[in-house]
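Q: For reference, the structure I am asking about is given below.
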Amino acid sequence: MKVEILLFGRLTEILGSTHLLLEGLADTNAVCCHLEEQFPDLKQVKYKVAVDQLIIHGNKRLTDGMTVALMPPFSGG
C-alpha cells in the first residue's frame, strides 16, 4: 500500500521536500511517528493532518492511493 504525503510551510524545510511517497503505514498515527523518527525536528512543530483534503482529528486508517497532507499553522491577510 502506498500513500502520498504532502508537506507545506516550515515542514518542507524540515523534511527537505514538498512530497513523499511512503509504503506500509496503516494509519495516520503511523505516518506521523515514522516521519518524527526520521526527522526529529518535526516533533517541535505543531501541524494538522488532512486525508484526501479533509482535516482529521485523531487517527485514520489509510488505504492504497490516499493522500496525507501535513500542514503547520498558517494565517492570511
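Q: Please work out which option in [x] 48; [y] 23; [z] 57 gives percent of Cα pairs over 20 Å apart calculated from these coordinates, and answer with its label.
A: Here the calculated entry is [y].
Q: Report, by chain and number, residues whose modeled amide H sits under 5 Å from the one on Lys48, excluding near sequence neighbours (fewer than 5 apart, same chain).
A: It is Met71, by chain and number.
Q: Further question on the same structure: What share of the DSSP beta bridges in the stretch 2-71 is antiparallel, in percent to the nearest 5?
A: 75 percent
Q: Next up: Express the relative contact order of the chain as a whole percentage, based on alpha carbon pairs under 8 Å and six or more residues apart in sequence.
A: About 43 percent, as a whole number.
Q: For the stretch 2-71, give the magnitude of the charge dipole about the Cα centre (Cβ charges: +1 Lys/Arg, -1 Asp/Glu; no others), in debye to the nearest 20.
A: 240 debye
Q: Just grab the label-to-label distance for Gln53 and Asp27, each label 7 Å out from Cα along the Cβ direction, in nm (one decimal).
A: It works out to 2.6 nm between the two label points.
Q: Give the distance, in whole Å, between the Cα centre of the stretch 1-29 and the Cα centre of the stretch 55-76.
A: Measuring centre to centre over Cα atoms gives 10 Å.
Q: Once you put a point 7 Å from the Cα of Lys43 and another 7 Å from the Cα of Thr12, both along the Cβ direction, what distance in nm separates them?
A: In this crude spin-label approximation the distance works out to 2.7 nm.
Q: Can you tell which of Ala30, Thr63, Val45 lies farthest toward the positive end of the dipole of the stretch 2-71, using +1 and -1 charges on the Cβ of basic and acidic side chains (Lys, Arg; Asp, Glu)?
A: Final value for the positive-end residue is Val45.
Q: Related question: Taking the 0 to 90 degree range and rounding to the nearest ten, how far is the long axis of helix 28-38 tilted relative to the main principal axis of the chain, both from C-alpha atoms?
A: That helix lies at roughly 60 degrees to the long axis.
A short reminder: the numbers here are calculations on the coordinates, not readings from a lab. Predicted, not measured: the structure shown is a model, and the values here were computed from it. A quick note on method: Cβ atoms are made from the backbone with ideal geometry, for glycine too, and the neighbour counts reach across all protein chains shown.
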